[in-house]
1. Which of the residues that make up the range A:83-114 are surrounded by fewer than 24 Cβ atoms within 10 Å (Cβ to Cβ) and β-branched (Val, Ile, Thr)?
2. Yes or no: B:Asp334 free of Cβ contacts under 8 Å to residues at least 12 places away in the same chain and either of a type in the set (A, V, I, L, M) or under 20 Å from B:Phe588 (Cβ atoms) (or both)?
3. Mind counting the residues in the range A:139-162 that are within 7 Å of chain B (Cβ to nearest Cβ) and not polar (S, T, N, Q)?
4. Please go through the range A:42-60 and pick out each residue that is farther than 14 Å from A:Ser114 by Cα and at the interface with another protein chain (Cβ under 7 Å from one of its Cβ atoms).
5. Tell me which of these A:Tyr129 doesn't satisfy, since it passes every other one: (1) among the aromatic types (Phe, Trp, Tyr); (2) without any contact (Cβ under 8 Å) to a residue 60 or more places away in the chain; (3) facing chain B (nearest Cβ under 7 Å).
6. How many of the residues making up the range B:332-348 are farther than 17 Å from B:Tyr405 by Cβ and assigned to a loop (DSSP other than H, G, I, E, B)?
7. Of all residues being exposed (fewer than 14 other Cβ atoms within 10 Å of the Cβ) and farther than 14 Å from B:Leu290 by Cα in the range B:337-369, which is nearest to the chain's Cα centre (by Cα)? Just the residue, please.
8. Failed condition for B:Leu119, given (1) surrounded by fewer than 24 Cβ atoms within 10 Å (Cβ to Cβ); (2) more than 8 Å from chain A (Cβ to nearest Cβ), with all others met?
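The values are calculated or read from the model by the stated rules, or taken from the named source; none is laboratory data. Because the structure is a prediction, the values reported are computed rather than measured. Cβ atoms come from the backbone with ideal geometry, glycine included; neighbour counts cover every protein chain shown.
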Amino acid sequence: MNINLKIWRQKGVKEDGKLHNYRLENVDPNISFLEMLDILNINLVKEKRDPVAFDHDCREGICGSCGFMINGRPHGPQRATTVCQLHMRSFKNEDTIILEPFRAEAFPVIKDLSVNRQVFDKIISSGGYISANTGEVPEANETKIEKKYADEAFLSSACIGCGACVAACKNSSAMLFTSAKVSHLSLLPQGAKDKDARVINMVATMDEMGFGSCTNTGACSAECPKEISQENISRLNQDFIKSSLMGILKRNK
Amino acid sequence: MIKENLYSKAPQGDLYTKWEEYKKTLKKLSVEEADQYKVIIIGTGLAGASAAATMAEHGFNVHAFSFHESPRRAHSIAAQGGINAAKNYKNDGDSVMRLFYDTIKGGDFRSREDNVYRLAEISKNIIDQCVAQGVPFAREYGGLLDNRSFGGVQVSRTFYARGQTGQQLLLGAYSALSRQTEKKKVKFYPRHDMLDVVIKDGKAKGIITRNLLNGEIKAHSADIVILATGGYSNVYYLSTNAMASNVTANWRAHRKGALFANPSFTQIHPTCIPVKNDFQSKLTLMSESLRNDGRVWVPKEKNDTRKPIDIPEEERDYYLERIYPAFGNLVPRDVASRRAKEVCDEGRGIGPTGFAVYLDFKRAIKEKGEDFIREKYGNLFDMYQNITDENPYQTPMKIYPAVHYTMGGLWVDYNLMTTVTGLFSIGESNFSDHGANRLGASALMQGLADGYFVIPHTAMDYLAKEKPLQKDITEEKEFVDAIAKTEQEIEKLMSIDGEYAVDEVHRELGKVVWDNVGMARNEVGLKSALKEIPKIKDKFWKEISIPGSDKDINQELEKALRIKDFIELAELMAFDALDREESCGAHFREEYQTEENEAERNDKDYKYVAAWKYCKNGKPELFKEELKYDNVKLKTRSYK
């Protein structure tokens, strides 16, 4: 198949970018989307031109490195699929495909399709953990956890931190990301320990980092490659109200 | 050629109490004392993140470096199947001794007894730690932790979180690390490559890094350097490793005097999605746990092109069940891989290339139901369908072996210190626990054992005997020289201006290594690899092209700096494989096999760890660590 690419090229965070046109012919529909970009880049290198920068690593849909907009959708057209798991068979011969970086104030463009998502680490370090020093913990089977809670916690903690939820949201809210971590930990009995401080601090950090507010449109969950449920947001809201009411309004540092 | 023997420095005494007794003799520092020291950790996967978190809890000031933007991106995240622990929750006769024995036997008697016993012992603490952190392991309906079986063992001791165990464990370690970042005990340096180790007065005292965002070359000094940089499977170009996984940190340490042990011990995982075309960039693993319910087969006849559904039961060869009635589909990885290669070489392979075998779930789906299979392996089945466009609930998976893990790595003593004083190596980056073949679900176990439970004790002991630097010493000559050398090397790479993209040379290297130092090796092939690799090296240094500037984000330069080291490593792998005139575990020399085509060890001459010293412009120099087996009897592995 032949494809026409329009790719956002931007040299750095402070520079302006624009779409550039590229054409690739005789693309095997069974190669992955990123392998298609590899081919383009090898061609560019051979022509002594600057290859397109994009983040990727595991190419198994789990590390969360990859992600950009394909025809206006984070990770492209296929449901529950990261860019690295997308294949060219999802497109048609002579399609025009537009590639742009995730757009959000909190995710500055590093170069081309690569963005800086370090703010996610800041949200996690402000409370996305259970305080349990190495070696100072009880025997694993001492606390039974009902299977349904363990399974639910797993689903929340399956988030890969790719940022598609932020890119999909018209307000660039990080609510799905933050709520998934809050839910994962508060669904488990071990997580009860830091519960109040966790939700208050993580929400405060999220607000500080320049993410917008959540208006419950559900775009985040619809575009999430791991299908993280919107229910996490409801859980966070409940936890947040409870913890706030309990008088823990001050950041607990 | 062999200068002297290496000693593990493992303490004397009873194997069963050795580690606990030894820990009592190690020096301790109070939190206030530890605060005087700076610790550099390279890599923030399972081993690096768990070490960083734990050392910070003890009061050390940790500086953690990664080429990723976040610790959560490390390749540990992709581990699927599970983590072993000798908890014996299933009451099926498991014990520390049994896990120890299975690991020694699985490694084909080429690992160190003392380390492996310690690993088995610690396995239990790991599960406790992870559960306390909130790792959502699979549970039974009663609320207790669930287990499953993995290859090479007959007990059920693998803890798991669907097919995403590595992800959940890494997120646990990452959260522990993040907690310390918030407390300012860990400083994380994202998007930094380590390009050199700096040695001062005979001790590792710092590193040289390149900031991938702006190309800045910078020196960092510290009281100790810990490498947690993973394995080197990407020397084969195609592997199940992530695209950027590399050997550079380890290789630079090797060039500075750290011995590299058993480089040719590389694991080929039996169940991966087969290569489909020339553009393939990486291979995808299908977890070994699938062999709990999947049955491996090929047609009995050669060149049978019928669809699997049209091949009746009596015309199928379930060859693992046939050859190994006791372990069946759950034989160790090296055995399952070699047998797959054998049936394909016979012409009985399936699929368009003939290099694939079936992994069939029909019986399990019939007996246990599709929902049961979906619950257990859902994400793996989805991933398979996504990549191959075939539905594994309806038609058997096609699989073929692929490079997955490297047992070899930097030589370390019992304290996990390399042959460079003050330079430690943990997790996959060292050679220590898996001998010539790693059992499934043991990589996560080792990474976390080293990071949470071993290095915090041994590194503290080392530091307690060292006077803290308490200042930045990067103005000193050793650091300034190392920066200059690194800059010169980058300048040289940028000036090549040839015709080839770095990936093209890498692909060429990968083919030579796969063909000659892959699943089966022989003298002729290894010698030809030793002739071919220097040609590839020459081509790399004369004909690659790196557009753009080195003072900017430049992904081609990043790759070139890594491939350069892979080329040198490939040569060492071939030397090592040639030197070891026996077959053991994953190292299968065709000249040394039994009548039943199993690996034939030679314990009289090769019961040692081969640790190689880097020699500029010459043959690497071999040092040996003789392996002693006082607690197990050496025997030929049998899984029949």
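1. A:Thr96, A:Ile97, A:Ile98, A:Val109, A:Ile110
2. In short, no.
3. 11
4. Of everything in the range A:42-60, those that are farther than 14 Å from A:Ser114 by Cα and at the interface with another protein chain (Cβ under 7 Å from one of its Cβ atoms) turn out to be A:Ile42, A:Val45, A:Lys46, A:Lys48, A:Arg49, A:Asp50, A:Cys58, A:Arg59, A:Glu60.
5. Every listed condition holds for A:Tyr129 apart from (2).
6. Residues meeting the conditions: 3.
7. Only one residue fits best here, namely B:Asp345.
8. Of the numbered conditions (1) surrounded by fewer than 24 Cβ atoms within 10 Å (Cβ to Cβ); (2) more than 8 Å from chain A (Cβ to nearest Cβ), the odd one out for B:Leu119 is (1).
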